[in-house]
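The values are calculated or read from the model by the stated rules, or taken from the named source; none is laboratory data. Because the structure is predicted, anything quoted here is derived from the model rather than measured. Note that we place each Cβ from the backbone using ideal geometry, even for glycine, and neighbour counts take in every protein chain shown.
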Amino acid sequence: MKLKQTGPWIEHSGPDADVVVSSRARLARNLSGLPFVNQASDVEKREVLRLVQTLPLAGERSEELVWIDLQQSTPEDRRLLFERHLVSRQFLESVSPRAVAIADDEQLSVMVNEEDHLRMQVLLPGLELEEAWRRVVDFDRRLERNADIAVHPRWGYLTACPTNVGTAIRFSVMLHLPGLRLTNELERLRRASNDLDLAVRGFYGEGSDSSGDFYQVSNQLTLGVSETDLLATFVGEIVPRIVAYERMARDILIERSSTLLEDRVHRALGTLRSARLLAIEESMKHLSRVRLGIALGLLTDIPLGTVQRLFLEVQPAHLRRVQPDSIDNTALEPVPEDRLLDDERTRRRRADLVRTALTEPY
């Protein structure tokens, strides 16, 4: 599979990077005259694939889209795409005809035959929702010039899930919220999010856990509101409020228990630099504390990009790619999904990877 070792954007920091890891704008679209994916036959899904793959979609950035057929991919390669946030779990686990198109910089990707015929997303580092929105809209305009899209004059874009009908836009940010967790304020955030029609999910979105104190926050309302109004509210009010709330929680930790906070940060770094076995959750927890220490200036000798990269490389499929013998001795042999587990060899290789990355000169 033609993917770089790690996501090209992951090591870079964008605006408000101390709290906002990434921004995503995603559009759902369906082709007219063909059933929604959940009602389509395999023959009809292959026709959707054929139609989309023949469309002229090159734009001002001259994105060269690489098409990956998920039916022809190994379980390990599919897991790699999921860990990189380029496909959803539903897309990963499906067995029907489907494919994903990925730009060279991996900031633009298009899932074909997920819940809708097309799910287009732009993923950027830091708080860059406006730029992500501009780029996904640019791609959508090229799509609509060349394809007949299902849209209703009253209800807007038609989608398989009623919650997406209307603009069919989802804005989301990946937030690092260790301060709110350590001050026991996350439940208050969840309650406030419900009142504002927001969804708060874990590291891999819907149905996932908040591994490493990472949370995805996205809008749930798409019907009866314009894209520009949604974006203005998300960028101008919601995200800045959460970012300020997290920073305030960090200030409280420093003011009330600075020694305890420093101890947690340095213990985490010490564990990562000395451990010989590391499970995935333990890795994420300690890397989260190291990231917090970097953001607060408690650790000055570790680049943020190194920690960002490690959050990805400790995941099972990425670990196998970086440390090929972490699963078995046949480096390039496809590995079934149920063998991408945290056995002792995997934990040892994860510890070797992290220890080397955090102790070598930068």
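Taking the stretch 266-293 as the search range and keeping residues that are buried (at least 19 other Cβ atoms within 10 Å of the Cβ), under 25 Å from the mean Cα position of the chain (by Cα) and among the hydrophobic types (A, V, I, L, M, F, W, C), which one is nearest to Glu344 (Cα to Cα)?
Once the filter is applied, the top-ranked residue is Leu278.
Residues in the stretch 342-357: is at least one at pLDDT 90 or above, surrounded by fewer than 20 Cβ atoms within 10 Å (Cβ to Cβ), closer than 17 Å to Ser211 by Cβ and in contact with a Lys or Arg (Cβ under 9 Å, 6 or more places away or on another chain)?
Scanning the stretch 342-357 turns up no residue that is at pLDDT 90 or above, surrounded by fewer than 20 Cβ atoms within 10 Å (Cβ to Cβ), closer than 17 Å to Ser211 by Cβ and in contact with a Lys or Arg (Cβ under 9 Å, 6 or more places away or on another chain).
Hand me the list of helices (runs of 4 or more DSSP H) wholly inside the stretch 138-256 holding 3 or more residues that are surrounded by fewer than 20 Cβ atoms within 10 Å (Cβ to Cβ) and modelled with pLDDT under 90.
Those helices (runs of 4 or more DSSP H) span 186-195, 227-233.
How many residues are more than 24 Å from the chain's Cα centre (by Cα), closer than 24 Å to Phe91 by Cα and among the hydrophobic types (A, V, I, L, M, F, W, C) when one looks only at the stretch 119-159?
Summing the residues that are more than 24 Å from the chain's Cα centre (by Cα), closer than 24 Å to Phe91 by Cα and among the hydrophobic types (A, V, I, L, M, F, W, C) in the stretch 119-159 gives 5.
Scan the stretch 269-276 and give yes if some residue there is assigned to a helix (DSSP H, G or I), charged (D, E, K, R), at pLDDT 95 or above and touching a helix residue (DSSP H, G or I) at 6+ places or on another chain (Cβ under 8 Å), otherwise no.
Within the stretch 269-276, one or more residues are assigned to a helix (DSSP H, G or I), charged (D, E, K, R), at pLDDT 95 or above and touching a helix residue (DSSP H, G or I) at 6+ places or on another chain (Cβ under 8 Å).
Could you grab the pairs with beta carbons closer than 6 Å, sequence gap of 6+ or different chains, first residue in the stretch 95-115 and surrounded by 20 or more Cβ atoms within 10 Å (Cβ to Cβ), second one modelled with pLDDT of 95 or more and of a type in the set (Lys, Arg)?
From the stretch 95-115, the pairs are Pro97/Lys45; Pro97/Arg46; Met111/Arg119; Asn113/Lys45; Asn113/Arg98.
Which condition breaks for Glu185 when tested against (1) among the acidic types (Asp, Glu); (2) in contact with a Ser or Thr (Cβ under 7 Å, 6 or more places away or on another chain); (3) farther than 21 Å from Thr233 by Cα?
(2) is the only condition that Glu185 fails.
Within the set of pairs 6+ apart or on separate chains, which have a first residue in the stretch 186-205 that is free of Cβ contacts under 8 Å to residues at least 60 places away in the same chain, a second that is assigned to a strand (DSSP E or B) and of a type in the set (Val, Ile, Thr), and C-beta atoms under 6 Å apart?
Arg190/Val200; Ser193/Val200; Leu198/Val217; Val200/Val217
Let me spell it out: the conditions are (1) of a type in the set (A, V, I, L, M); (2) over 18 Å from Leu31 (Cα atoms); (3) modelled with pLDDT of 95 or more, and Val95 meets all of them except one. Which number is the exception?
Here Val95 meets the rest and fails (3).
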